Amino acid sequence: KKKKKIEEADKIYYLTDLKDLIRLFVEKKKTFFFLTNHHEIIGMVSIIHLTSKPVYPYFFSIISEIEIELAELLSKRVSEKDILSWLKRKGKENKLNAIDVLNRYDQDLKKQKENRLVEYLYLRHIVAILGKFELFTLLRFSKKETLLDQTKAIVDLRNWIAHPVNSPEENLPIDLLAFINQAEQLKSKLPHPDEVSLY
């Protein structure tokens, strides 16, 4: 069988940042790259590696940072009473796993070890509440639908990592490039804590 020569387009520096690697996979329509250290080939990376468990902490660290900052934003603009009321309403409608959040919060209340209510929320709850109370303007979005659309890939990836139902070898349910772009855009829109007054 004839051997194919490794082209420059097939190579990538072995210390390339993961988000740049994702972009290169998409932009160059490649499924693999040979890893190089100067001119020496020292390994290979495939697009399948992006769905492996060792990569999860990288994605989750980005998601966690966004989740924490959005929760802080929410806690400064919406009272716990209003958040609790929203959760109870969603619980009655059997939506967004609100009952699970309420149960965890109630259990800790009974044990006298509860934290702030926002710390029990998942990212999708935080985004939904920001939309409900029209706080999307603080993130420089013009309407609620834009906020939901511009956080969908982040929420989807968070749920896929936190509650895996597929094997790591299966394709992610979202576009990873969309996730990277949305995460970077959202982080750039987060207001400085001093800019957010209490409710």
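The values are calculated or read from the model by the stated rules, or taken from the named source; none is laboratory data. All of these numbers come straight from a predicted model, not from anything done at the bench. Ideal geometry is used to build each Cβ from the backbone, glycine not excepted, and the neighbour counts take in all protein chains shown. SASA here: full protein model, heavy atoms, side chains in, ligands and nucleic acids out. Shrake-Rupley method; radii C 1.70, N 1.55, O 1.52, S 1.80 Å.
Pairing residues of the stretch 166-184 that are at pLDDT 55 or above with residues that are β-branched (V, I, T) and open to solvent by 50 Å² or more (accessible area, probe 1.4 Å), at Cβ distances under 7 Å and at least 6 apart in sequence or on separate chains, gives L177/V26. What tally of residues in the stretch 105-115 results from selecting those that are part of a helix (DSSP H, G or I) and either touching a Ser or Thr at 6+ places or on another chain (Cβ under 9 Å) or basic (K, R) (or both)? Looking only at that region, the number is 1. Would you be able to tell me the number of residues in the stretch 1-10 that are open to solvent by 100 Å² or more (accessible area, probe 1.4 Å) and not in a loop (DSSP other than H, G, I, E, B)? Count: 1. Here the stretch 60-96 is the region considered, the condition is being in contact (Cβ under 8 Å) with a residue 12 or more places away in the chain and among the small types (G, A, S), and the residue that is farthest from R124 (Cα to Cα) is S79.
Within the stretch 137-154, the residues that satisfy the criterion of being assigned to a helix (DSSP H, G or I) and either at positive phi or open to solvent by 20 Å² or more (accessible area, probe 1.4 Å) (or both) are T137, L138, K144, E145, T146, L148, D149, K152.
Taking the condition of being crowded, with 18+ Cβ neighbours inside 10 Å and more than 14 Å from S79 (Cα to Cα), how many residues in the stretch 106-120 meet it? Residues meeting the conditions: 1. Of all residues in the stretch 24-37, those that are open to solvent by 50 Å² or more (accessible area, probe 1.4 Å) and within 16 Å of T51 (Cα to Cα) total 3. The single condition from (1) under 18 Å from K189 (Cβ atoms); (2) not in a loop (DSSP other than H, G, I, E, B) that V118 fails is (1). Which members of the stretch 49-101 meet the condition of being more than 23 Å from E184 (Cα to Cα), β-branched (V, I, T) and open to solvent by 30 Å² or more (accessible area, probe 1.4 Å)? Selection gives I99 alone.
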